[in-house]
Every structure is written in C-alpha cells, then in structure tokens.
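Just below is one structure, and these are the notes that go with it.
Any read-out appearing in this document is the output of simple, stated calculations on the displayed coordinates, not a laboratory observation. Quick caveat, the model's predicted, so the values are computed rather than measured. A quick note on method: Cβ atoms are made from the backbone with ideal geometry, for glycine too, and the neighbour counts reach across all protein chains shown.
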Amino acid sequence: MIFDVAWLWAGVAIVLYSVGVNVALIIPGDNPMPTPIWVAAVVGAFPVFGAGIILFRRSMRRRIPSRRPQTPATLPRSAYYILGLTCFAMVAVLVLNIATSIGPVPPGQPQQVGPTQFVLNNHGVTTPITHEEYLRFEESGQRGVVGISLIFCIVGILMLAASAHDWLPQRPRSSTTRPTP
C-alpha cells in the first residue's frame, strides 16, 4: 500500500522534472539539453505509466460487488491540489510546445559532420544548414520526445490517482447516531 502511494508521488516528481526540461527547451536562444538530462525525463515516464496500468487493473479487479456496503475512501485535499497543478502544468507545456513549434518537420536528421559543418541527413542525402538551424532542429526534436513522454507519464499518474481508493484504509460505518468520543 505504501509502495502504491510512492508511485503516485514519484510520478508527480517525474512530471515536474519533465515540465522543467520542456520549459528550458522552449526558452529561445538556449542550446539543446545534454542527452542525459532530457533522456532521464523520457525514461522516467515509462515506469510510472507501467505502474499506473498495473495498479489500475488491480483496482478494477477489486471492484467486484460484495454483499456488504463499502464506504468510499478519498485522497486528502492537498493531494487533489497537487494532482490538479500537475495536470495544469502538463497542459500548459503542451500548449507551449504547439505555440513555439518551428513549423514543418525538417527533411532529415540534424548532424554535425565537422567542427563547423552541419547537415540534415535524409537517408544518406545531406543538405547543409547553419549552426543556428542545427541548434533549433535539435531543440525541436528533444522537445517533441520529452513532450510525448510527458503524455505517458500524466496518463500513468491519472491511473494511479484513480486507483487511490484502494490505498487508504476503509473505516466501517457506525450504525449508531451518537457522536463518537
């Protein structure tokens, strides 16, 4: 049970990290991120997505109707605020990605072939480009990959949050009408 809750908070942390990387890639004039920084955002999304699928499926199997009435358990109010802010941040970053896109996809993969020579490689056909275009195409590619992994991560978080009713202990309802001491 504690492990299940840890997945939710790990997912929130990974989404916030991915949002930070994505915003840093959107800022104009910056260079592309070093590979370990943006790959960590991509790789971190998939364990959260996998845990979301597994725990959500387990939660759905437990929803078999029983003879005794069950009381619904809810997350604390602060958890809903954090999840809401995380969803808002994800939507904001997706809107920023769309608004700041460079236009059509470049005809090839940007590569550096010499100390000062940059090309777009399209299945062996190379087209020379400037250093600024190279940086812009690299940033665009990194932003696209991080943005797509952000979608997987947020779907995993939503599945984890939907299965949250299994995490909290169920309190039995009292049949008396007097207040409990």
Open item on the list: Going by average Cβ density within 10 Å per residue, which order do the peptides 142-150, 84-92 take, highest to lowest?
Closed with: 142-150, 84-92
Open item on the list: Under the rule a/c < 1.5 gives rounded, and otherwise a/b versus b/c splits prolate from oblate, where does segment 1-52 land using the Cα gyration tensor?
Closed with: prolate
- [ ] Between Asn121 and Val145, take the C-beta separation as r, use R0 = 30 Å, and let me know the FRET efficiency to the nearest 0.05.
- [x] 0.95
